[in-house]
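Step one of this worksheet: look at the structure below.
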Amino acid sequence: MRRVRRPPEPASLRSDRTTRERQAALDFYAAWDGRAKYDKFAAYKAADIREALEKSFGGKCAYCETVYAATQPVAIEHYRPKGAVMIDGTLTPPGYYWLASDWDNLLPSCTDCNSPRGQDLPDGRRTAGKANAFPVAPGSPRATAPGTERVERRLLLHPYLDYPEKHLSYVWGTGTIDDGRIVARSSATGKASVKGATTIEVCALQRRGLVAARRDRLLDLVAHLEGVVDAYDNVARHPGDPVFVAQFERRLTEVSRFVDDHAPYSLMARQVVAAYHAR
């Protein structure tokens, strides 16, 4: 996950149709019998919403930063679930129905992060994926009406509201299968980020295929970084030589592709590049 600047709200979310849908949901739950489910949410599926999210996130999943565009359609994910919430293992209605078409509540997601699926995880194979989960801190009130979500102490990272680099870290340079793993970042006092750990667990960010993909990306990045080091040494030995200067600049440009906002696993790449720079 990387920090993303909140894009402008698409026009469809300001339309009369969306306003009517929001009011219909509010009216439905104002007279709710505790059992029926409102199933007429449609505004969030508008084409301009999909286009805006894909542009802002570069065709990447908001949670795992995998580029999904080449293999699967984007899922418009509700950060806070709209229909029901998984609480202590029980799917509990209602969800955050008033946020079903709220722009800040809509994110692009890949299938593996968004849906409950069988995944190979460090503790074995089990069903994982965000689905209807929205964990809050122990003792935190859970929102049940418009506006009350502001007092929740949410534990799931949000790319507009949080700085993921403060909560997530990546294992690299060990030369083992641990390379590519994601872990909760620790503070200066050694305390691991609860938001980081929760997001990793809820979105199954340790699933085997994802870790392997990050590991492959790491291998390519480190090879390019070693090339930068070699090119820098050549410039140092032959200052002013245009051939070596051009080679150094070319290799810096190659590394810049890994840290670009729209590159896969860009947060991981930035952490690795920063560590190389600090050496």
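Quick notes
- Ellipsoid semi-axes for the range 185-279, based on the Cα gyration tensor and the rule √(5λ), read 33, 16, 10 Å when sorted largest first.
- The length gained on full extension between residue 54 and residue 161, counted as 0.36 nm times the residue separation minus their Cα-Cα distance, comes to 36.7 nm.
- Taking the range 25-169 and dividing mean pair separation by its residue count, relative contact order in percent (alpha carbons under 8 Å, at least six apart): 19 percent
- Legend: P(r) of the chain from all alpha carbon pair distances, 5 Å bins from 0, whole percents, reading 1, 5, 11, 14, 16, 15, 12, 9, 6, 4, 3, 2, 1, 1, 0, 0.
- Alpha carbon centroid spacing (whole Å) that separates the range 233-257 from the range 93-164: 45 Å
- Residues whose amide H comes within less than 5 Å of that of residue 87, counting only those at least five positions distant or on another chain, are 92 (H built at 1.01 Å from N in the peptide plane).
- Derived scalar couplings ³J(HN,Hα) [the range 156-166; Karplus, 6.51 cos²θ - 1.76 cosθ + 1.60; whole Hz; x for Gly, Pro]: 9, 5, 10, x, 8, 9, 10, 10, x, 5, 7
- Near the amide H of residue 75, within less than 5 Å, lie the amide hydrogens of 109, all on another chain or at least 5 residues away, with H placed in the peptide plane.
- Close Lys pairs in the chain (alpha-carbon distance under 14 Å; sequence gap of 8 or more, or different chains): 6.
- Using distinct alpha-carbon pairs, which all enter the 1/r mean, Kirkwood radius of the range 1-146 in Å: 16.5 Å
- With θ taken as phi - 60° and the Karplus curve 6.51 cos²θ - 1.76 cosθ + 1.60 applied, the whole-hertz 3J(HN,Hα) list for the range 267-277 is 5, 4, 4, 5, 5, 5, 4, 4, 5, 5, 5 Hz, x standing for glycine and proline.
- Under a 5 Å amide H cut-off, with hydrogens placed 1.01 Å from N, residue 185 pairs with 168, 169, 193 among residues at least 5 apart or on other chains.
- Couplings 3J(HN,Hα) of the range 96-106, computed from phi: 8, 4, 6, 10, 4, 10, 7, 4, 5, 9, 10 Hz, in residue order, whole Hz [Karplus 6.51 cos²θ - 1.76 cosθ + 1.60, θ = phi - 60°; x for Gly and Pro].
- The magnitude of the dipole of the range 1-158, with charges of +1 and -1 set on the Cβ of Lys/Arg and Asp/Glu and taken from the Cα centre, is near 160 debye.
- By the helix-only formula, in which each DSSP H run with n ≥ 4 contributes -39500 (n - 2.57) and the sum is divided by residues, the chain has a 222 nm mean residue ellipticity of -11500 deg cm²/dmol.
- Accessible carbon and sulfur surface of the range 42-119 relative to its total accessible area, %, 1.4 Å: 51 percent
- Charge dipole (debye, nearest 20) of the chain; +1 at Cβ of Lys and Arg, -1 at Cβ of Asp and Glu: 600 debye
The values are calculated or read from the model by the stated rules, or taken from the named source; none is laboratory data. The structure presented is a predicted model; accordingly, all values stated were derived computationally and were not measured. Quick reminder, even Gly has a Cβ in these numbers, built from the backbone with ideal geometry, and neighbours come from all protein chains shown. With ligands, DNA and RNA removed, areas are computed over all heavy atoms of the protein, side chains included. Shrake-Rupley method; radii C 1.70, N 1.55, O 1.52, S 1.80 Å.
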